[in-house]
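Nothing in this text is a laboratory measurement; each read-out follows from the coordinates by a stated rule. Everything numeric in this text was worked out from a predicted model, so none of it was measured. Positions of Cβ are backbone-derived with ideal geometry, glycine not excepted, and every protein chain shown enters the neighbour counts.
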Amino acid sequence: MGNTVFLYQQGDTFSDFDTMTDKLVAEILYHVEACGLNPSKISFIGHSLGNIIIRSAITRPQMKHLLPRLHTFLSLSGPHLGTLYNNSGLVNMGIVLCLVLHECYS
């Protein structure tokens, strides 16, 4: 795979959304700078909420200089449309339950 480098963000998955986005941006920038890399292509592979964090990260001003090198963004099971268009019976039941509970306490 030549000069392929994989970063795998893990760790505190209970942080808030902005914190996880900031950590991803910092990790990417640190890795590029610390290793003296000048990548010609940058690709992202994300799963579930990780896809939304990636989308948020690539919109940050610190990432602007890397955007022309964005090659691939593979999104696996990402909630890009939220839960409004989800066909999962379990999720739909959860939404109905939340609406019913909201009515009960309103």
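Just a few scattered comments:
- Site pair Ile45 and His31 shows an inter-label distance of 1.2 nm when each label is modelled 7 Å from Cα along Cα→Cβ.
- Whole-Hz ³J(HN,Hα) from phi, Karplus 6.51 cos²θ - 1.76 cosθ + 1.60, for region 43-60, glycine and proline x: 10, 10, 10, x, 9, 6, 4, x, 5, 5, 5, 4, 4, 5, 4, 6, 8, 6
- Inter-probe distance in nm under a simple model that places probes 7 Å from Cα toward Cβ, at Met63 and Met93: 3.6
- Nonlocal amide H pairs with Ile45, under 5 Å, H built at 1.01 Å: Leu74
- Under 5 Å, built H, 5+ apart or other chain: amide partners of Leu70: Ile42
- Region 18-68: C-alpha gyration tensor shape, a/c 1.5 cut-off, then a/b vs b/c: prolate
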